[in-house]
Amino acid sequence: MAKPTFVGGVHPYGGKELTMDKPIKPVLPKGDLVYPLSQHIGAPAKPVVAVGDSVLTGQMIAEAGGFVSAPIYATVSGKVKAIEPRRLATGGMCQSIIIENDGKYDAVEMKPSKPYEEMSAQDKIEAVRNAGIVGMGGAGFPTAVKFAPKEPEKIEYVIANCAECEPYLTSDYRRMIEDPEQLIGGLKIAVSIFPNARGILAVEDNKPEAIAKLE
């Protein structure tokens, strides 16, 4: 079957073979951590901690600042060292929370949630909002906003974008290889928010190993 395409364009060297077979490893950062309050498109998050406060891994340190916004959680335990403007990789300044990492990684106690089958669509959207989940495409668009269209019954498909067509990047690929059940489970939850939707895993045909894991 012929595939639609276009004339021209550039096909750069992929470079994926450099990391595609390397498993994902957890990172335990050292030293101070800087949490910009604008890690997403929309309104900046608002701090819910103050300088001198002790924080735990997984604790909310900033709440969503509006409908199009997202909360931010600590990834280390320690003390809030400062709340001040810091320069971003883009060159601009952004109000940020600085946490002095104590290296202990003491975590908040996680409470189990109800099975998603027992939750209403609104409860699922609120769970996504409270988790601070945002898109990874660059803009950091809050996922809960995407899940709240005015007419959810008109949504026909929920597409999980597994293409990862960018050169060198293989983190999505490794996630498909290592955690296919989580990926499929997440898509099922997303689809269940919309009464008439079907789910699609869109994987590029240059990832046969990932496709086999997801089938």
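The values are calculated or read from the model by the stated rules, or taken from the named source; none is laboratory data. Note that the structure is predicted; figures quoted are calculated from it, not measured. Glycine gets a Cβ as well: all are built from the backbone with ideal geometry, and neighbour counts include every protein chain shown.
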Checklist outcome for this item: Exception for CYS162 within (1) modelled with pLDDT of 95 or more; (2) farther than 30 Å from LYS46 by Cβ; (3) in contact with a helix residue (DSSP H, G or I) (Cβ under 8 Å, 6 or more places away or on another chain) falls at (1)
Item to check | Selection within region 141-194 - part of a loop (DSSP other than H, G, I, E, B) and among the aromatic types (Phe, Trp, Tyr) | outcome: PHE141, PHE147, TYR168, PHE194
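So that you can scan it fast, the table gives a plain yes or no per residue for (1) of a type outside the set (D, E, K, R); (2) modelled with pLDDT under 95; (3) in contact with a Ser or Thr (Cβ under 9 Å, 6 or more places away or on another chain):
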site: ILE72; (1), (2), (3): yes, no, no
site: SER77; (1), (2), (3): yes, no, yes
site: VAL80; (1), (2), (3): yes, no, yes
site: PRO85; (1), (2), (3): yes, no, yes
site: THR90; (1), (2), (3): yes, yes, no
site: VAL108; (1), (2), (3): yes, no, yes
site: SER113; (1), (2), (3): yes, yes, no
site: MET119; (1), (2), (3): yes, no, yes
site: GLU126; (1), (2), (3): no, no, no
Checklist outcome for this item: How many residues of region 58-70 are closer than 21 Å to PRO29 by Cα and assigned to a loop (DSSP other than H, G, I, E, B)? The answer is 2
Checklist entry - Residues ILE155, ILE125, ILE133, ILE159: which one is farther than 25 Å from ALA210 by Cβ and under 17 Å from the mean Cα position of the chain (by Cα)? => result ILE125
Checklist outcome for this item: Across (1) touching a residue at least 60 places away in the same chain (Cβ under 8 Å); (2) part of a loop (DSSP other than H, G, I, E, B); (3) in contact with a helix residue (DSSP H, G or I) (Cβ under 7 Å, 6 or more places away or on another chain); (4) not acidic (Asp, Glu), SER113 clears everything bar (1)
Next on the checklist: Restricting to region 18-37, name every residue that is surrounded by 10 or more Cβ atoms within 10 Å (Cβ to Cβ) and modelled with pLDDT of 95 or more.
Outcome noted: LEU18, THR19, MET20, ASP21, ILE24, ASP32, LEU33, VAL34, TYR35, PRO36, LEU37
Checklist outcome for this item: Reported set for region 27-44 where residues are over 16 Å from the mean Cα position of the chain (by Cα) and not in a strand (DSSP E or B) is VAL27, LEU28, PRO29, LYS30, GLY31, ASP32, ALA43, PRO44
Checklist entry - Which ones in region 138-174 are among the aromatic types (Phe, Trp, Tyr) and either crowded, with 19+ Cβ neighbours inside 10 Å or over 26 Å from GLU204 (Cβ atoms) (or both)? => result PHE147, TYR173
Next on the checklist: Can you say whether ALA62 is at pLDDT below 95 and either of a type in the set (A, V, I, L, M) or exposed (fewer than 15 other Cβ atoms within 10 Å of the Cβ) (or both), as far as the supplied structure shows?
Outcome noted: no
